[in-house]
Structures are given as C-alpha cells and as structure tokens.
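**Student:** This is the structure I want to talk about, given as structure tokens.
The values are calculated or read from the model by the stated rules, or taken from the named source; none is laboratory data. Bear in mind that the values here come from a model prediction, so they are computed numbers and not experimental data. Note that each Cβ is placed from the backbone with ideal geometry, even for glycine, and that neighbours are counted across all protein chains shown. Only protein heavy atoms, including side chains, enter the accessible area calculation; ligands, DNA and RNA are left aside. Shrake-Rupley method; radii C 1.70, N 1.55, O 1.52, S 1.80 Å.
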Amino acid sequence: MTHICLGIISWLIVTSYETFSGNYIWQSLLCGLFAGLIDMDHFLMAKSFKFKDAINLSSRPPFHNTTLMLTFAGCLILVMHFKGSELMENLGWYILVAVTSHHLRDAQRHGLWIWPFTTKSINFINYLILSYLFPLAIGSLLKILNKNIFKTKFHDALLV
C-alpha cells in the first residue's frame, strides 16, 4: 500500500504545474497501481503467493533493477512518441514516475540496483528530496514539451 500511495502522490506532484482537474485523480491512481504492481515480481520469483516466501528471496527480483525498468519506460516513451501513439506514450510516463517512486522508497533499505552495481542505501532526507524533485522535474519537462498527458481522460487511459 505504501508504494501505491507514493505513486499517487508522485503523480500529483507531476501535475502540480497545471490547474487541478479530476483527470489527475485517475492518472494518479493509475500511476499508483503501476507503483504497486512492481512488487508482483517478488511472488513470481518466489513461485508462491505466500507473503513470507515473497519477502525472503535470496536475490532481488527483476522489476527492482532500476536500469532495466527506467530503460523500459524510456524506450516506451520514445518509441510511442515517434510512432504517434499518445496514449501508449502517456503510459510510459506513468510507468517512469511509478518505477522511480518505488525504487527510491526501496533504496532506503537496499540502495538502487543500477546494473551491474548496487548503490549504498539512501538516507531518509535524501529520499525525501529525490522523491519530490524527480516528479517535479518530470512535470516541468512535460510542461516544456507541451505534452497532452495532462489532458488525457480516464476512459482514454483505460483503452491502453
């Protein structure tokens, strides 16, 4: 639940450059959903639906590889931008913010897994600063790029 809530808050920070719209709630919920789904790899890797098995893995699961997930989100954004698929590009932005919020939260305990390395754990103050600045930077970038992501309706996002 923590990752979901942080994903929601992160997307609300992204949208803070715009006048509030009800669409932002739906977009934030979608971002939160993606932030929470990242932990599904614990259960996949454990090959079990038992919480105890999922948290006692011998290594980190693949969706916790920061390099892999940021590359995926970045490629999705770029490919869909040049393909002209605005909805899929928007999905990439949601995933990018969700992954970052999730990984920064986990980095307090385990550091970031930036393949082939792992960073040291991030202290709480740096975590708070990065968790605010990253979504703020993404919102600023989207505003500069004049992206229509802020105007996306919830039912459009569901079509993805």
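**Student:** Out of (1) at pLDDT 90 or above; (2) open to solvent by 50 Å² or more (accessible area, probe 1.4 Å); (3) under 25 Å from Ser140 (Cβ atoms), what's the single condition that is false for Leu37?
**Tutor:** Going through the list (1) at pLDDT 90 or above; (2) open to solvent by 50 Å² or more (accessible area, probe 1.4 Å); (3) under 25 Å from Ser140 (Cβ atoms), Leu37 breaks only (3).
**Student:** Filter the range 1-26 for residues that are modelled with pLDDT under 90 and either closer than 14 Å to Ile95 by Cβ or of a type in the set (Gly, Ala, Ser) (or both) and give the result.
**Tutor:** Matches in the range 1-26: Ser16, Ser21, Gly22.
**Student:** Can you tell me which residues in the range 39-91 are farther than 23 Å from Leu6 by Cα and basic (Lys, Arg)?
**Tutor:** Hits for the range 39-91 are Lys47, Lys50, Lys52, Lys83.
**Student:** Step by step: first the residues of the range 106-125, then only those that are modelled with pLDDT under 95 and assigned to a helix (DSSP H, G or I), then the one that is least open to solvent (accessible area, probe 1.4 Å). Which residue is that?
**Tutor:** Ala107
**Student:** Please indicate, with yes or no, whether at least one residue in the range 135-155 is modelled with pLDDT of 90 or more, crowded, with 16+ Cβ neighbours inside 10 Å and under 22 Å from Asn65 (Cα atoms).
**Tutor:** yes
**Student:** Consider only pairs whose beta carbons are under 7 Å apart and that are at least six residues apart or on different chains; among these, list those whose first residue lies in the range 84-100 and is open to solvent by 20 Å² or more (accessible area, probe 1.4 Å) and whose second residue is of a type outside the set (Gly, Ala, Ser) and at pLDDT below 90.
**Tutor:** Close Cβ pairs (under 7 Å, with a partner that is of a type outside the set (Gly, Ala, Ser) and at pLDDT below 90) amount to Glu86/Asn148; Leu87/Asp156; Leu87/Leu159; Leu87/Val160; Met88/Val160; Leu91/Val160.
**Student:** In addition: Take the range 99-121 and flag every residue that is over 17 Å from Ser59 (Cβ atoms), out of contact with any Leu (no Cβ under 7 Å at 6 or more places or on another chain) and of a type in the set (Val, Ile, Thr).
**Tutor:** Thr100
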